[in-house]
Amino acid sequence: MKEVILAKSAGFCFGVQRAMNTVYSEADNKNVYTYGPIIHNTEVVKDLEAKGIKAINDISEMELPDDSTVIIRSHGVSKAVYESIKSSGASIVDATCPFVLKIHKIVKDASKAGDQIVIIGNENHPEVEGIMGWSETPVYVIDSVEKAEELKLDSTKKVCVVSQTTFNYKKFQDLVEIIQKKGYNINISNTICNATEERQSEARQIAQRADAMIVIGDSSSSNTRKLYEICKMECQNTFYIQTLSGLELDKLESSDCIGITAGASTPNNIIEEVYTNVRRKLCTDVR
């Protein structure tokens, strides 16, 4: 008898839900923009565009109409970007995740005191780019064992280590251990949010039980990609899809236990559509 298990932690986290509530509350107003996509989900961005809310990526490249509102995305922005939006004359609505704002403050204060900053995360991710922009001292971004081993810092200065909120928790621990062995005076702030840890832990547990695993999220979503990597390690038959249209249901027919999880920026309606269709087509016993 087949079963399908849907992760309780699948879908919007607190920070994303807060950003979504913020942007939709502005949907009836004119001249509303988001700085970058509000979250990493193409379907959501399309819906916002249909409501007249466009994503912009460089405030200096365009002249905003009078009475414009710019909503800062959940990932946050650098101090320089924040100031450029402010100087444009637009009203700012800050939808930065509070957990990301906490990292901005840690980095700002530590760098002001002269500490060297190490961010464990992906240097090309907008959250990390934003965090980097609040430091007054050199910043080092680490996302691999190789980079951690090659890291060379000034041993006469303190080191402040923070993490991208959606980084793989186990990998964070491994990289911190390598840096600690170098003997620097380190202050470590595990800034991976609780929702990320819970989501990754639950995904791992389900994948260990499942014959097939479905991970739902946008291709540009860093936290979804990490979920996929975690699930793939536990369950070889793991599929990464953005919407139901990307799922080949016939590949699941031989699986007795199918697990489903989703990234922090995946809307509930997409998760429900995948879950319902998998259940309807393949399963008689559902959890």
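Is there any pair linking a residue in the stretch 7-31 that is farther than 21 Å from Thr196 by Cα to one that is in a helix (DSSP H, G or I) and not basic (Lys, Arg), with Cβ under 7 Å and at least six apart or on different chains, and which?
Val23/Leu48
Condition first: in a helix (DSSP H, G or I) and hydrophobic (A, V, I, L, M, F, W, C). Now tell me which residues in the stretch 85-116 satisfy that.
Within the stretch 85-116, Ile85, Phe99, Val100, Leu101, Ile103, Ile106, Val107, Ala110 qualify.
Quick one: which residue in Lys102, Lys46, Lys86, Lys79 is under 21 Å from the mean Cα position of the chain (by Cα), more than 23 Å from Gly11 (Cα to Cα) and not hydrophobic (A, V, I, L, M, F, W, C)?
Exactly one residue qualifies, and that residue is Lys79.
Would you say Asp250 is farther than 30 Å from Glu150 by Cβ, in a helix (DSSP H, G or I) and not β-branched (Val, Ile, Thr)?
Answer is yes for this residue.
Among the numbered criteria (1) more than 25 Å from Cys257 (Cβ to Cβ); (2) assigned to a strand (DSSP E or B), which single criterion is violated by Asn190?
Exception for Asn190: condition (2).
Among the residues of the stretch 224-277, write down those that are hydrophobic (A, V, I, L, M, F, W, C) and within 18 Å of the chain's Cα centre (by Cα).
Pass one, the stretch 224-277, residues hydrophobic (A, V, I, L, M, F, W, C): 227, 230-231, 233, 235, 239, 241, 244, 247, 249, 252, 257-258, 260, 262, 264, 270-271, 274.
Within the stretch 224-277, Leu227, Ile230, Cys231, Ile241, Ala262, Ala264, Ile270, Ile271 qualify.
If Lys112 meets every condition in (1) without any contact (Cβ under 8 Å) to a residue 40 or more places away in the chain; (2) surrounded by 15 or more Cβ atoms within 10 Å (Cβ to Cβ) apart from one, which number is that one?
That leaves (2) as the condition not met.
Tally up the residues in the stretch 63-81 that are within 15 Å of Val93 (Cβ to Cβ), surrounded by fewer than 17 Cβ atoms within 10 Å (Cβ to Cβ) and at pLDDT 95 or above, please.
Number satisfying all stated conditions: 0.
Is there any pair linking a residue in the stretch 252-268 that is without any contact (Cβ under 8 Å) to a residue 60 or more places away in the chain and more than 17 Å from Tyr228 (Cβ to Cβ) to one that is surrounded by fewer than 24 Cβ atoms within 10 Å (Cβ to Cβ) and among the acidic types (Asp, Glu), with Cβ under 8 Å and at least six apart or on different chains, and which?
From residues that are without any contact (Cβ under 8 Å) to a residue 60 or more places away in the chain and more than 17 Å from Tyr228 (Cβ to Cβ), the pairs are Ser254/Asp211.
The values are calculated or read from the model by the stated rules, or taken from the named source; none is laboratory data. No experiment lies behind these values; they were computed from the predicted model shown. FYI the Cβ positions are ideal-geometry reconstructions off the backbone, even for glycines, and counts take in every protein chain you see.
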